[in-house]
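Colleague: Below you will find the structure I want to go over with you.
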There are 2 protein chains.
Amino acid sequence: MAKEITSREQDYSQWYNDIVLKSGLADYTAVRGCMVIKPHGFALWEIMRDTLDKMFKDTGHVNAYFPLFIPKSFLSKEAAHVEGFAKECAVVTHYRLMNDPNGGGVVVDPDAKLEEELIVRPTSETIIWSTFKTWIQSYRDLPLLINQWANVVRWEMRTRLFLRTAEFLWQEGHTAHATADEAIAETRQMLDIYANFAENYMAMPVVRGVKSANERFAGAVDTYCIEALMQDGKALQAGTSHFLGQNFAKAFDVKFSDKENKLEYVWATSWGASTRLIGALVMAHSDDDGLVLPPKVAPLQVVIVPIYKGDEQLAMISEKANVLAKELRAMGISVKYDNSEHARPGWKFAEYEMKGVPVRVAIGARDLEKNLVEVARRDTKEKMTVPVEGLSSYIKDLLDDIQVSIYNKAKKFQQDHITKADSWEEFMAILDGKAGFVSAHWDGTGETEEKIKELSKATIRCIPLDNPQEEGTCILTGNPSTQRVLFARAY
Amino acid sequence: MAKEITSREQDYSQWYNDIVLKSGLADYTAVRGCMVIKPHGFALWEIMRDTLDKMFKDTGHVNAYFPLFIPKSFLSKEAAHVEGFAKECAVVTHYRLMNDPNGGGVVVDPDAKLEEELIVRPTSETIIWSTFKTWIQSYRDLPLLINQWANVVRWEMRTRLFLRTAEFLWQEGHTAHATADEAIAETRQMLDIYANFAENYMAMPVVRGVKSANERFAGAVDTYCIEALMQDGKALQAGTSHFLGQNFAKAFDVKFSDKENKLEYVWATSWGASTRLIGALVMAHSDDDGLVLPPKVAPLQVVIVPIYKGDEQLAMISEKANVLAKELRAMGISVKYDNSEHARPGWKFAEYEMKGVPVRVAIGARDLEKNLVEVARRDTKEKMTVPVEGLSSYIKDLLDDIQVSIYNKAKKFQQDHITKADSWEEFMAILDGKAGFVSAHWDGTGETEEKIKELSKATIRCIPLDNPQEEGTCILTGNPSTQRVLFARAY
Ligand SMILES: [Zn+2]
Ligand SMILES: [Zn+2]
């Protein structure tokens, strides 16, 4: 009856693809590495986007929109940035097609070659800072708190739906400040907003931390991030916030006159989260029957399914269902009454389970005579028989409970999967066994970090904020270390 | 004191550019033909987008997101479509840069050439219909009612902020239906939604009509449109809705099995509106002091400016201002209390006039003693002395009045600028004189239409819906005609 899903145990990676495809979140397209975000996936993204957008606006940010294209020479202006971003990207070289002189179809018009190639933005620091130069003259123009919702392109060789695609949707914040302290405070504030969103909306616990130098954003002084844990024990970076120092201001010569009329370079941040979050959400909570969505981000929170024989029973059930739907909507809860005749109740149950609808209400004629309905919660699959009286309040409370319950389950999983390792053998045993985060001493050098990555395929996910200082020795080199850091294999 | 704006009389085109730049709607960038939409412009777009989006959803449409890139060969699949769109477009030919072996910077890696070039979407019919093929099997999958908010690129040679840019933002609806009638009804429904939005939100009266064959969308059977009139008497197409027949279904082989299990090609529509609407809004209502925005689309509806000497007066004014702001927000009205010390009241007045804020409330210490404030409306620049008591209700009514009043003014202008012409001399005299729409007989041939365009620079904007049938003779050829059509010079 249900669409076939590979189980997690059988093949975690295939399980993920099955869920994304069969729950209608996304699909492959004819364009290599580019996905289509299907209506159910896009409705999810709209909720995530609108929630984050409100958080950004509540902290004084405004939206703007900058060009899709970046002149090739711009990428070279910041030395570290070009190394990180100028490699795998889509390059526009021509601006016209013409009819193929040798027959059907069209070919690139060789006369329409651009003088300077344009890069489809992989991220927008360069084009934005070239614009900020004309917007910023004085300390009165600061802080400048800009966000952009946009598509970006990175020519990834191996792609996976949502997790790594050539094109993806994201937001990128770009702010300019008069002082380093203010920019750092902004960087930290945005990290907190991402963490709040991940934990309180996506029900996905995260570790907040700072990246090692090797893992920093290309052009950043410091990269902060939130790291989530997937059910297979791999980590996933769910948002980053960068303190850019004066690097981009210097690259694009952006100065402001301070209160003493002295010219200073501007301090910068950038921060981003993307449709990758949808992949994280899928992998954090879903099960072998399909998506499990926390109510706060679910496009549809409640579905009502009638179970009946004949028009008379249906009419009686529909009357109750419509009253319930109306009450729920008045409480701000999204609800659908699925009285379609094309499918049987069992098929509908499986379909809404697949799509991750948090609460299902089944209304049967016989139950209704006793003023009862059946309520099922998606997360635990528990079924309850509930009186019609007070049903909408019951469902409202249940949705709150599901939200908390999904979070608590994920939190317990996370806590069970942060493991200390004090030797290389322990370190590898954990990675190859229960996986998750491994908290271990590291001598602080990029060389050792690189070596560990080669040997174990694990990277330093972050140095947690307020990390306790502790004497120890590096698991690889035995050199002295002052703190543990979190390693994991990652998406 | 105010920033210098060229007057409409002096140079209409420069006036438009001045307003867009100086009110902070948009700016030029380092990328040829691409603009940056600045925060004030983007806030306006967000309101327009969200309003339209709600209308689309209320009529059963859902959002999705399709790839930015289109394989070159896809454009050729629909014969008329390729003629219309394959010419001026951005072509991605490579997917990697490399360090320049001869020195600084990066160059295109010649080894990273795509097998098939990718086109940055100028519109998405082809990529979407290639996807619909996998989504549609049976009549149960229909209708499919999809919308996408996206950026698109058309390599225009002469660009103007908002009106014609290489990259712009828009929405494109793409729907699939089981019958021609249903698709035509959808096409008309979406035209009505655009007209409703233009008239009741943008306060911009429009003519609804159908395009002549020459002016049809490339690949459409019929193109419906709404046409607005700008203050210089030129027309501007503000939204189009296309009945595509089975053209794209045939090009991409999209069939469905009907209730009798017979395979049929699917019927299609597409419809779009873009950031061009912002250009239309600017040109429809603004004056020589800046933007004039209808309250329903204004990002900021009310600004409160204190007029004071010393902290004591400011404290007293602020108390009243904060109460008023709170009351207005409770009514769903957006309001800003600008107590910044950086600028004098006169400078603020000019700045908010420039930005098109519909209502300004000036609170002065002396007035306040008499429980009075000064209220100014942006559209007529009228100033009223109003009692503090009942002020928020007064402002709410005033906003409604401004909305209607801006519409009525534009409606009167439109009606005064639809003029009948019954000879070529009359036709040219109107175009070169008062301009606007010219209602004239035309013999119905594409050749004549083309000739008229060459001679007069005017095009057939549309054949209005429910156009009265009337015997007459073509203004150019003298051949018989059965109806008048609307000509105009256009943006
Ligand atoms: Zn991290
Ligand atoms: Zn028209």
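Colleague: In the range B:261-305, what count of residues is obtained for those that are in a strand (DSSP E or B) and either in contact (Cβ under 8 Å) with a residue 60 or more places away in the chain or in contact with a Ser or Thr (Cβ under 7 Å, 6 or more places away or on another chain) (or both)?
Modeller: Qualifying residue count, the range B:261-305: 13.
Colleague: Identify, please: which residue in the range B:234-254 is under 23 Å from B:THR275 (Cβ atoms) and not polar (S, T, N, Q) and is, among those, nearest to ligand 1 (Cβ to nearest atom)?
Modeller: B:GLY239
Colleague: Filter the range A:13-44 for residues that are within 18 Å of the chain's Cα centre (by Cα), facing chain B (nearest Cβ under 10 Å) and among the β-branched types (Val, Ile, Thr) and give the result.
Modeller: A:VAL36, A:ILE37
Colleague: Answer yes or no: is there a residue in the range A:84-91 that is within 9 Å of chain B (Cβ to nearest Cβ), touching an Asp or Glu at 6+ places or on another chain (Cβ under 6 Å) and over 30 Å from B:HIS40 (Cα atoms).
Modeller: yes
Colleague: Considering the range B:187-227 alone, what residues qualify as being more than 14 Å from ligand 2 (Cβ to nearest atom), modelled with pLDDT under 95 and either part of a strand (DSSP E or B) or more than 14 Å from chain A (Cβ to nearest Cβ) (or both)?
Modeller: Of everything in the range B:187-227, just one residue is more than 14 Å from ligand 2 (Cβ to nearest atom), modelled with pLDDT under 95 and either part of a strand (DSSP E or B) or more than 14 Å from chain A (Cβ to nearest Cβ) (or both), namely B:GLY219.
Colleague: Of everything in the range A:306-337, what is over 32 Å from the mean Cα position of the chain (by Cα) and not in a helix (DSSP H, G or I)? Give them in sequence order.
Modeller: Selection gives A:PRO306, A:ILE307, A:TYR308, A:LYS309.
Colleague: Can you find a residue in the range B:458-472 that is in a helix (DSSP H, G or I) and more than 16 Å from ligand 1 (Cβ to nearest atom)?
Modeller: No, there is no match, as no residue in the range B:458-472 is in a helix (DSSP H, G or I) and more than 16 Å from ligand 1 (Cβ to nearest atom).
Colleague: Moving to a separate point now. With respect to the numbered conditions (1) assigned to a strand (DSSP E or B); (2) within 24 Å of B:CYS34 (Cβ to Cβ); (3) within 12 Å of chain A (Cβ to nearest Cβ), which one is the sole condition not fulfilled by B:MET157?
Modeller: It is condition (1) that B:MET157 fails.
Colleague: Moving on to the next point. Quick test for you: out of A:PHE162, A:PHE56, A:PHE74, pick the one residue that is of a type outside the set (Val, Ile, Thr), part of a loop (DSSP other than H, G, I, E, B) and more than 7 Å from chain B (Cβ to nearest Cβ).
Modeller: A:PHE162
Colleague: Now for a separate question. Given the conditions (1) assigned to a loop (DSSP other than H, G, I, E, B); (2) in contact (Cβ under 8 Å) with a residue 24 or more places away in the chain, and given that B:LEU244 satisfies all but one, which numbered condition is not satisfied?
Modeller: So the condition that B:LEU244 fails would be (1).
Colleague: Across the range B:128-172, which residue is surrounded by the most Cβ atoms within 10 Å (Cβ to Cβ) among those that are of a type in the set (Ser, Thr, Tyr) and over 19 Å from B:HIS242 (Cβ atoms)?
Modeller: For the range B:128-172, the residue satisfying everything is B:THR165.
Colleague: Taking strands (runs of 3 or more DSSP E) that do not extend beyond the range A:87-137, which have at least 1 residues that are within 14 Å of A:PRO67 (Cα to Cα) and of a type in the set (Val, Ile, Thr)?
Modeller: Passing ranges, in order: A:88-99, A:113-120.
Colleague: Which ones in the range B:27-78 are more than 30 Å from A:GLU115 (Cα to Cα) and β-branched (Val, Ile, Thr)?
Modeller: Selection gives B:ILE47, B:THR51, B:THR59, B:VAL62.
Colleague: Among the residues of the range A:406-426, write down those that are farther than 17 Å from A:GLY436 by Cβ and β-branched (Val, Ile, Thr).
Modeller: Result: A:ILE406, single match.
Colleague: Just to be sure before I move on: is B:HIS81 in a helix (DSSP H, G or I) and touching a Pro at 6+ places or on another chain (Cβ under 9 Å) in the structure I sent?
Modeller: The answer is no for B:HIS81.
Colleague: Something else about it: Taking the range A:184-212, which residues are more than 18 Å from A:MET48 (Cα to Cα), more than 16 Å from ligand 1 (Cβ to nearest atom) and crowded, with 24+ Cβ neighbours inside 10 Å?
Modeller: A:GLU186
Every residue, every condition in (1) away from ligand 2 (no atom under 16 Å from the Cβ); (2) assigned by TED's automatic domain parsing to the domain that holds A:PHE427; (3) surrounded by fewer than 18 Cβ atoms within 10 Å (Cβ to Cβ); (4) under 14 Å from A:GLY209 (Cα atoms), yes or no:
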site: A:GLY444; (1), (2), (3), (4): yes, yes, yes, no
site: A:ILE452; (1), (2), (3), (4): yes, yes, no, no
site: A:LYS457; (1), (2), (3), (4): yes, yes, yes, no
site: A:ILE460; (1), (2), (3), (4): yes, yes, no, yes
site: A:LEU465; (1), (2), (3), (4): yes, yes, yes, yes
site: A:GLN469; (1), (2), (3), (4): yes, yes, yes, no
site: A:LEU476; (1), (2), (3), (4): yes, yes, no, no
site: A:PRO480; (1), (2), (3), (4): yes, yes, yes, no
site: A:ARG484; (1), (2), (3), (4): yes, yes, no, yes
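Colleague: Might you let me know whether the range A:266-282 holds any residue that is over 29 Å from A:LEU75 (Cβ atoms) and of a type outside the set (D, E, K, R)?
Modeller: Looking for residues that are over 29 Å from A:LEU75 (Cβ atoms) and of a type outside the set (D, E, K, R), one finds at least one in the range A:266-282, hence yes.
Colleague: Are there strands (runs of 3 or more DSSP E) fully within the range A:338-421 with at least 3 residues that are among the β-branched types (Val, Ile, Thr)? List them.
Modeller: The strands (runs of 3 or more DSSP E) meeting that bar are A:359-364.
Colleague: Hey, another quick one. Name the residues in the range A:306-329 that are touching a residue at least 60 places away in the same chain (Cβ under 8 Å) and of a type in the set (A, V, I, L, M), would you?
Modeller: Passing the criteria: A:LEU324, A:LEU328.
Colleague: While we're here: Which of (1) surrounded by fewer than 21 Cβ atoms within 10 Å (Cβ to Cβ); (2) touching a residue at least 40 places away in the same chain (Cβ under 8 Å); (3) more than 7 Å from chain A (Cβ to nearest Cβ) does B:GLU125 not meet, given it meets every other one?
Modeller: Among (1) surrounded by fewer than 21 Cβ atoms within 10 Å (Cβ to Cβ); (2) touching a residue at least 40 places away in the same chain (Cβ under 8 Å); (3) more than 7 Å from chain A (Cβ to nearest Cβ), the lone unmet condition for B:GLU125 is (1).
Colleague: Among the residues of the range B:344-360 satisfying the criterion of being buried (at least 24 other Cβ atoms within 10 Å of the Cβ) and in contact with a helix residue (DSSP H, G or I) (Cβ under 8 Å, 6 or more places away or on another chain), which is farthest from B:PRO294 (Cα to Cα)?
Modeller: Among those that are buried (at least 24 other Cβ atoms within 10 Å of the Cβ) and in contact with a helix residue (DSSP H, G or I) (Cβ under 8 Å, 6 or more places away or on another chain), it is B:VAL359.
Colleague: Cβ-Cβ below 7 Å, separation at least six or inter-chain, first residue in the range B:422-443 and more than 24 Å from B:PRO480 (Cβ to Cβ), second part of a strand (DSSP E or B) and not hydroxyl-bearing (Ser, Thr, Tyr): which pairs?
Modeller: B:GLY436/B:LEU229; B:GLY436/B:ILE418; B:GLY436/B:ALA488
Colleague: Still on this structure, please answer the following. For the range B:59-71, how many residues are within 7 Å of chain A (Cβ to nearest Cβ) and in a loop (DSSP other than H, G, I, E, B)?
Modeller: 4
The values are calculated or read from the model by the stated rules, or taken from the named source; none is laboratory data. What you are looking at is a predicted structure, and each value in this text was computed from that prediction instead of being measured. We place every Cβ from the backbone using ideal geometry, glycine too, and count neighbours over all the protein chains shown.
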